[in-house]
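S.K.: Right, I'll just put the structure down here and ask away after.
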Amino acid sequence: MASSQTPVEDTIREKITSALNPSRLEIHNDSHLHAHHKAMAGSTSRETHFRVIITSEAFKAKMQPARHRLVYSLLKDEMARDGGIHALQLRTMTPEEEERRRAAEEGPAE
């Protein structure tokens, strides 16, 4: 079996899916947009900057900071590893919040 070209993304997906059972999980690798940054000098990793959208019932009754801490705790090893996750942008929602957001984006019915 060939090794994955996206091992960090695979781990993010696996850990979030296992712990949070999301109804929506989008993982965007934005590393190419940051490769020229000074902090990335010498890094050979192409998986350092991620934008993640998660919708999960697990976020009910949790404020955004608590939701983010939960995700950070799941990915602490990947964030601590040399060449691992350098930046993680999160959008966390409950299914109800996602539905309200979708309705607001669609606007009022005519």
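The values are calculated or read from the model by the stated rules, or taken from the named source; none is laboratory data. Remember, it's a predicted structure, so these values are computed and weren't measured experimentally. Reconstructed Cβ throughout: ideal geometry from the backbone, glycine too, with neighbour counts over all protein chains shown. Surface accessibility is based on the protein's heavy atoms, side chains included, excluding ligands, DNA and RNA. Shrake-Rupley method; radii C 1.70, N 1.55, O 1.52, S 1.80 Å.
S.K.: I'm checking my understanding of the structure. Among residues of region 78-99 that are of a type in the set (D, E, K, R) and at pLDDT 95 or above, which one is nearest to the chain's Cα centre (by Cα)?
M.R.: In the first step, residues of region 78-99 are kept if they are of a type in the set (D, E, K, R); the result is 78, 81-82, 91, 96-99.
Keeping just the survivors that are at pLDDT 95 or above gives 91, 96-99.
Details: Arg91: 8, Glu96: 19, Glu97: 17, Glu98: 16, Glu99: 19 Å.
So the residue we want is Arg91.
S.K.: Another one. Across region 67-84, which residue is most open to solvent (accessible area, probe 1.4 Å) among those that are among the hydrophobic types (A, V, I, L, M, F, W, C) and over 18 Å from Leu25 (Cα atoms)?
M.R.: Our first condition is that a residue be among the hydrophobic types (A, V, I, L, M, F, W, C); within region 67-84, this holds for 70-71, 74-75, 79-80.
From what's left, over 18 Å from Leu25 (Cα atoms): 79-80.
Working: Met79: 68, Ala80: 85 Å².
For region 67-84, the residue satisfying everything is Ala80.
S.K.: Specify which of the listed residues (Thr6, Thr44, Thr11) is among the polar types (S, T, N, Q), modelled with pLDDT of 90 or more and out of contact with any strand residue (DSSP E or B) (no Cβ under 6 Å at 6 or more places or on another chain). Walk me through it before giving the result.
M.R.: Working: Thr6 fails: modelled with pLDDT of 90 or more; Thr44 fails: modelled with pLDDT of 90 or more.
Residue meeting the stated conditions: Thr11.
S.K.: Is at least one residue of region 85-95 touching a His at 6+ places or on another chain (Cβ under 6 Å) and surrounded by fewer than 17 Cβ atoms within 10 Å (Cβ to Cβ)?
M.R.: Yes, some residue in region 85-95 is touching a His at 6+ places or on another chain (Cβ under 6 Å) and surrounded by fewer than 17 Cβ atoms within 10 Å (Cβ to Cβ).
S.K.: While we're here: Only residues in region 56-80 that are among the hydroxyl-bearing types (Ser, Thr, Tyr) count as the first member; pair them with residues that are assigned to a helix (DSSP H, G or I) and crowded, with 17+ Cβ neighbours inside 10 Å, Cβ under 9 angstrom, at least 6 apart or cross-chain, and list the lot.
M.R.: Ser56/Ile16; Ser56/Leu20; Ser56/Arg67
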